[in-house]
1. Could you list, in sequence order, the residues of region 153-168 that are assigned to a loop (DSSP other than H, G, I, E, B) and in contact with a Leu (Cβ under 6 Å, 6 or more places away or on another chain)?
2. Quick check, is residue 49 at pLDDT 95 or above and open to solvent by 10 Å² or more (accessible area, probe 1.4 Å)?
3. When both residues are 6+ apart or on different chains and their Cβ atoms are under 6 Å apart, which pairs have a first residue that lies in region 100-119 and is without any contact (Cβ under 8 Å) to a residue 40 or more places away in the chain, and a second that is surrounded by 18 or more Cβ atoms within 10 Å (Cβ to Cβ) and of a type in the set (Gly, Ala, Ser)?
4. Considering (1) open to solvent by 70 Å² or more (accessible area, probe 1.4 Å); (2) polar (S, T, N, Q); (3) touching a Gly at 6+ places or on another chain (Cβ under 7 Å), say which one residue 155 fails and leave the rest.
5. Go through (1) farther than 24 Å from residue 125 by Cβ; (2) in a loop (DSSP other than H, G, I, E, B); (3) not charged (D, E, K, R) for residue 98 and report which single condition fails.
6. In this structure, is residue 112 modelled with pLDDT of 95 or more, more than 19 Å from residue 175 (Cβ to Cβ) and in a helix (DSSP H, G or I)?
7. With the checklist (1) open to solvent by 30 Å² or more (accessible area, probe 1.4 Å); (2) part of a strand (DSSP E or B); (3) farther than 19 Å from residue 137 by Cα in hand, flag the one item residue 35 doesn't pass.
Amino acid sequence: MIVKKSPCKINLFLDIKSKREDGYHFIESLFHTIDLFDIIKIAENKEFKISTSGKYKLNDNEEDNIVAKIFYHFKNKMGLKKNYKINIEKNIPTGAGLGGGSSNAATIIKFFLEELNIKPDSRLIESFSKFGADIPFFIKGGLSWVSGIGEKIESFDFTLPYKIILIFPNINVSTKLAYSKFTENDFNKSDIFYIKNLLDNFAIKKTEINFEDLYSHTYNIFEKNVFNIEPKIKEYKEKAENEIKRKICMSGSGSSLFALYDKDENLEEDYNKLKNIFENLDIYKLNLI
C-alpha cells in the first residue's frame, strides 16, 4: 500500500478583474499550501474502488468524485493499465475554501504520472484544470500567483515562513452561489498587485518582505457575498478579531477564516482564546508550506 499526503491551501489575496461572457471570472490570487492534510491510501486491486473516511467523509458516489474522473481519464486516454483501491481520509473541511478536493485530484494525478513514468510539462499540468481550476496549482504546491480562470500559475521558488490559526465555522459555502452574487461594480476594489510586487522584489532583488506590509494588504473579494449568504461567518470573523485584536481573512469562497503570524509569541495565546470562545468549531494551528 502507498500512502500520500494531500495538503490544502489558503488564499492570502483574492480579487476578480472581470467576468467573461461564458460566465467564468478572471481572478488574481495568491495561493499558499498549508500543512493540514488528507491522507490517501492506494493499493492495486482487481477493480477500481474509491472510498472516503475520516471526520469529513463524503458520500461515496464514484461518478461525482473528482478522483474517479481522474482515474478514468488516465485509464481511457493515457494508457493506465492497473486498477486501484483508493481511500481518502478526509481531514480537510469541505466547502471551506481550502481546495481539498482539487488537492486530492492533484495528488492522484502525480501518482498516476509516476506509475506511467511521465514527467509532466506545463501544458500537460494546465490541461488538468478541466477537472478543477485549482488542480494545476496543487500539482506544484508551495507559493504561487494564480490568474486567468485559475489556470495561469506563476510559482515562486520560496515559501513564506509564516503560521496561521485556521477557523472552520462548520458551514459549507457553495462556490457557484458565491460567484453568482457578483456585479461588475464589485471587481478591482483592491490594490491588486501590491503583494505580488513585494514577492517579485524578494525573488529578484532579495528585498526583505515586511510582514505587516503584506498582512495589511491581504484581501478577499468574496467576503461581502459570503457574509450576505451566511451572516454567521461574518459574526465569527468579527468576534475573533475582537478577541485576538488581529485581522481575520477568509480563504477562497469561504467559509474558513484565518489569522496570519510571523512569530510564535502571540500564536499560542490567541489559539487558546479562540478555542475558548468557539468551543464547537474546529480551530487549527498550522504552517505555510
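1. 156, 159, 160, 162
2. Values: at pLDDT 95 or above: no; open to solvent by 10 Å² or more (accessible area, probe 1.4 Å): yes.
For residue 49, the condition - at pLDDT 95 or above and open to solvent by 10 Å² or more (accessible area, probe 1.4 Å) - is not met.
3. Listed pairs, sorted by first residue: 102/132; 105/132.
4. All conditions pass for residue 155, except number (1).
5. Failed condition: (1).
6. Values: modelled with pLDDT of 95 or more: yes; more than 19 Å from residue 175 (Cβ to Cβ): yes; in a helix (DSSP H, G or I): yes.
So residue 112 fits the description; yes.
7. In the conditions (1) open to solvent by 30 Å² or more (accessible area, probe 1.4 Å); (2) part of a strand (DSSP E or B); (3) farther than 19 Å from residue 137 by Cα, residue 35 misses (3) alone.
Table: residues versus (1) surrounded by 14 or more Cβ atoms within 10 Å (Cβ to Cβ); (2) over 25 Å from residue 255 (Cβ atoms).
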{"site": "77", "(1), (2)": "no, yes"}
{"site": "87", "(1), (2)": "yes, yes"}
{"site": "91", "(1), (2)": "yes, no"}
{"site": "104", "(1), (2)": "yes, no"}
{"site": "110", "(1), (2)": "yes, yes"}
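The values are calculated or read from the model by the stated rules, or taken from the named source; none is laboratory data. Since we're looking at a predicted model, the values are computed, not measured. All Cβ positions, even for glycine, are placed from backbone atoms using ideal geometry, and neighbour counts span all protein chains on display. Just the protein is used for accessible areas: all its heavy atoms, side chains included, with ligands, DNA and RNA removed. Shrake-Rupley method; radii C 1.70, N 1.55, O 1.52, S 1.80 Å.
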